Amino acid sequence: MTVGYGESLRSRRFPALVIWGEGDPYSPVENAEAQTDYFDAEVHTLPDCGHWPMIDEPKRVSQLVLPFLRGQMSREAQSLKQPAS
């Protein structure tokens, strides 16, 4: 039996930031929360956005993206400081 992409991702639990427009006409908002099935996802849905939240609400998106990226960089820096076991 072949393992699908979703199953291979699920076992790794990659960190992800999900920013989803609740008014997306192409992909329903239910898909946002479904990302937690495959990723260690921080999910944010934006009520007044469509398919392109970064265009509809650039300031709000940057307020979500920048702290997430800082946190990822901080975790990476901490893991580099850890002695190999």
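The values are calculated or read from the model by the stated rules, or taken from the named source; none is laboratory data. These figures come from a predicted structure and were not determined experimentally. Virtual Cβ from ideal backbone geometry, glycine too; neighbours counted across all protein chains shown. Note: areas computed on protein heavy atoms with side chains; ligands, DNA, RNA excluded. Shrake-Rupley method; radii C 1.70, N 1.55, O 1.52, S 1.80 Å.
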Tell me, which residue of the range 14-26 that is at pLDDT 95 or above and assigned to a loop (DSSP other than H, G, I, E, B) is least open to solvent (accessible area, probe 1.4 Å)?
-> ASP24
Selection count, the range 27-77, where residues are open to solvent by 50 Å² or more (accessible area, probe 1.4 Å), in contact with a strand residue (DSSP E or B) (Cβ under 9 Å, 6 or more places away or on another chain), over 18 Å from PRO15 (Cβ atoms) and assigned to a helix (DSSP H, G or I) = 4
Filter result for GLN63 (modelled with pLDDT of 95 or more and out of contact with any Gly (no Cβ under 8 Å at 6 or more places or on another chain)) = yes
Answer yes or no as to whether VAL3 is in a loop (DSSP other than H, G, I, E, B) and either surrounded by 14 or more Cβ atoms within 10 Å (Cβ to Cβ) or modelled with pLDDT under 90 (or both).
-> yes
